[in-house]
Amino acid sequence: NQRTQMGLCNAITRAAQEENAKPIIIVSSLSGQRAPELLEKYTAAGVPILSSPKYGFSAIKHLVSLLKYQRPETVSDMVKVKVAHTGQVKRRICSEHESKSMLQRYGLPVTKESLVNDEESLLRAADAIGYPVVLKVDSADLPHKTEAGAVKLNASRDQLVDAYREILSNVRNYDPDAKINGVLVQEMLPPGMEVIVGVNRDEQFGPMILVGLGGIFVEVFKDVAVRLAPLTKQEALEMIESLRAAPLFHGYRGGPELDVDALA
């Protein structure tokens, strides 16, 4: 009855306001509309009423997870980078070469590459890098180069000019309006695990860091982990190990042990 409920309310609110009191959460079918005076007293004492057991216990589970998630009190173990002035970018999408140039100014390693616009420069650049090489059409209008036929892997010197002409022709047929900056000549890296690392600015939480299985599998498996920035090294490692693909980094079925520490 109402008298019993009010007595219980008074006891709970007194307990909640004691020094060093533990948090108190009520999971009940009690409706704030049916007993507004109780809701008001609980709210004033900082005692939330979660009126649905289904969602109430789920909310408590997330609260416990948050409390277990210990953010570091200092950022002394975070990776330090020298901030590089990159100027203002007025477009939402940059080409691969522009993006890599920015990353390189922040001290991140990128592939050796040259941007060329004619066959003579193409041969000169490829000779300097060493064969085999990768050719990619560089354009901010082509975020998915493979679909456009704008990539050639493992090109030898004999194949170079034909591959150059082919990918340019493919792009013109795929998107005649695409703005082409040239063709990237890149070193061909040895086989490895492709990983996506990204950042997104969430409207409520601010910058969020993403890591996951990369390459052509990004949109197929959607195996990613997301956390608030900034990250410590330990948090980066925890994100990597939380992926479903994590066993692939540790010599799965005789595969090589990958450099998770470098990725973190």
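The values are calculated or read from the model by the stated rules, or taken from the named source; none is laboratory data. The structure displayed is predicted, hence computed values, not measured ones. Cβ: placed from backbone, ideal geometry, glycine included. Neighbour counts: every protein chain shown. These accessible areas exclude ligands, DNA and RNA; they are computed on the full protein's heavy atoms, side chains included. Shrake-Rupley method; radii C 1.70, N 1.55, O 1.52, S 1.80 Å.
Please enumerate the residues belonging to segment 15-28 that are open to solvent by 40 Å² or more (accessible area, probe 1.4 Å) and in contact (Cβ under 8 Å) with a residue 12 or more places away in the chain.
Gln17, Ile24, Ile25, Val27
In this structure, is Val89 under 30 Å from Pro230 (Cα atoms) and either in a loop (DSSP other than H, G, I, E, B) or at pLDDT below 85 (or both)? Don't jump to the end; show me each part of the working.
Details: under 30 Å from Pro230 (Cα atoms): yes; either in a loop (DSSP other than H, G, I, E, B) or at pLDDT below 85 (or both): yes.
Yes, satisfied.
Among (1) open to solvent by 50 Å² or more (accessible area, probe 1.4 Å); (2) at pLDDT 95 or above; (3) touching an Asp or Glu at 6+ places or on another chain (Cβ under 6 Å), where does Gly182 come up short?
Status for Gly182: all satisfied but (1).
Condition first: in a loop (DSSP other than H, G, I, E, B) and open to solvent by less than 80 Å² (accessible area, probe 1.4 Å). Now tell me which residues in segment 122-144 satisfy that. Step through it out loud before you land on a result.
Within segment 122-144, the first condition is being in a loop (DSSP other than H, G, I, E, B), and the residues that meet it are 130-132, 139-144.
Answer for segment 122-144, where residues must be in a loop (DSSP other than H, G, I, E, B) and open to solvent by less than 80 Å² (accessible area, probe 1.4 Å): Gly130, Pro132, Ser139, Ala140, Asp141, Leu142.
In segment 215-258, how many residues are under 17 Å from Pro191 (Cβ atoms), open to solvent by 40 Å² or more (accessible area, probe 1.4 Å) and under 16 Å from the mean Cα position of the chain (by Cα)?
So the count comes out to 2.
Of Arg157, Arg172, which residue is of a type in the set (D, E, K, R) and touching a residue at least 24 places away in the same chain (Cβ under 8 Å)? Quick ask: steps written out before the conclusion?
Details: Arg172 fails: touching a residue at least 24 places away in the same chain (Cβ under 8 Å).
Step by step, each of Arg157, Arg172 is checked, and only Arg157 is of a type in the set (D, E, K, R) and touching a residue at least 24 places away in the same chain (Cβ under 8 Å).
Report yes if Val110 is surrounded by fewer than 18 Cβ atoms within 10 Å (Cβ to Cβ), outside any helix (DSSP H, G or I) and β-branched (Val, Ile, Thr), otherwise no. Reasoning before the result, please.
Working: surrounded by fewer than 18 Cβ atoms within 10 Å (Cβ to Cβ): yes; outside any helix (DSSP H, G or I): yes; β-branched (Val, Ile, Thr): yes.
When the stated conditions are applied, Val110 passes them.
Please indicate, with yes or no, whether at least one residue in segment 48-56 is modelled with pLDDT under 85, within 33 Å of the chain's Cα centre (by Cα), closer than 30 Å to Glu235 by Cα and open to solvent by 80 Å² or more (accessible area, probe 1.4 Å).
So far as segment 48-56 goes, no, none of its residues is modelled with pLDDT under 85, within 33 Å of the chain's Cα centre (by Cα), closer than 30 Å to Glu235 by Cα and open to solvent by 80 Å² or more (accessible area, probe 1.4 Å).
Give the residue, chosen from Ile167, Ile209, that is within 19 Å of Leu103 (Cα to Cα), in contact (Cβ under 8 Å) with a residue 24 or more places away in the chain, crowded, with 18+ Cβ neighbours inside 10 Å and among the hydrophobic types (A, V, I, L, M, F, W, C). Even if it seems obvious, please write down each step before you answer.
On the way: Ile167 fails: within 19 Å of Leu103 (Cα to Cα).
Exactly one residue qualifies, and that residue is Ile209.
Restricting to segment 201-233, give me the number of residues that are closer than 30 Å to Val151 by Cβ, part of a strand (DSSP E or B) and touching a strand residue (DSSP E or B) at 6+ places or on another chain (Cβ under 6 Å). If you could, list the steps in order and put the result at the bottom.
First pass over segment 201-233, keeping only residues closer than 30 Å to Val151 by Cβ: 201, 208-226.
Imposing the further condition that a residue be part of a strand (DSSP E or B) reduces the set to 201, 208-213, 224-226.
Now restrict to residues that are touching a strand residue (DSSP E or B) at 6+ places or on another chain (Cβ under 6 Å): 201, 208-212, 224-226.
Here the count works out to 9.
Please state which one of Glu194, Glu147, Glu119 is out of contact with any strand residue (DSSP E or B) (no Cβ under 9 Å at 6 or more places or on another chain), loosely packed, with under 15 Cβ neighbours inside 10 Å, within 25 Å of Val220 (Cβ to Cβ) and charged (D, E, K, R).
Details: Glu194 fails: out of contact with any strand residue (DSSP E or B) (no Cβ under 9 Å at 6 or more places or on another chain); Glu119 fails: within 25 Å of Val220 (Cβ to Cβ).
Selected residue: Glu147, the only one of Glu194, Glu147, Glu119 that is out of contact with any strand residue (DSSP E or B) (no Cβ under 9 Å at 6 or more places or on another chain), loosely packed, with under 15 Cβ neighbours inside 10 Å, within 25 Å of Val220 (Cβ to Cβ) and charged (D, E, K, R).
Among the residues in segment 135-142, are any touching a Phe, Trp or Tyr at 6+ places or on another chain (Cβ under 9 Å) and at pLDDT below 95? Steps first, answer last, please.
Going residue by residue through segment 135-142, those that are touching a Phe, Trp or Tyr at 6+ places or on another chain (Cβ under 9 Å) are 135, 142.
Subset that is at pLDDT below 95: 142.
Within segment 135-142, one or more residues are touching a Phe, Trp or Tyr at 6+ places or on another chain (Cβ under 9 Å) and at pLDDT below 95.
Does any residue of segment 71-85 turn out to be at pLDDT 95 or above, touching a Ser or Thr at 6+ places or on another chain (Cβ under 8 Å) and open to solvent by less than 50 Å² (accessible area, probe 1.4 Å)?
Scanning segment 71-85, I find no residue that is at pLDDT 95 or above, touching a Ser or Thr at 6+ places or on another chain (Cβ under 8 Å) and open to solvent by less than 50 Å² (accessible area, probe 1.4 Å), so the answer is no.
Does Asp177 satisfy the criteria of being modelled with pLDDT under 95, assigned to a loop (DSSP other than H, G, I, E, B), open to solvent by 50 Å² or more (accessible area, probe 1.4 Å) and among the acidic types (Asp, Glu)?
Numbers: modelled with pLDDT under 95: yes; assigned to a loop (DSSP other than H, G, I, E, B): yes; open to solvent by 50 Å² or more (accessible area, probe 1.4 Å): yes; among the acidic types (Asp, Glu): yes.
The answer is yes for Asp177.
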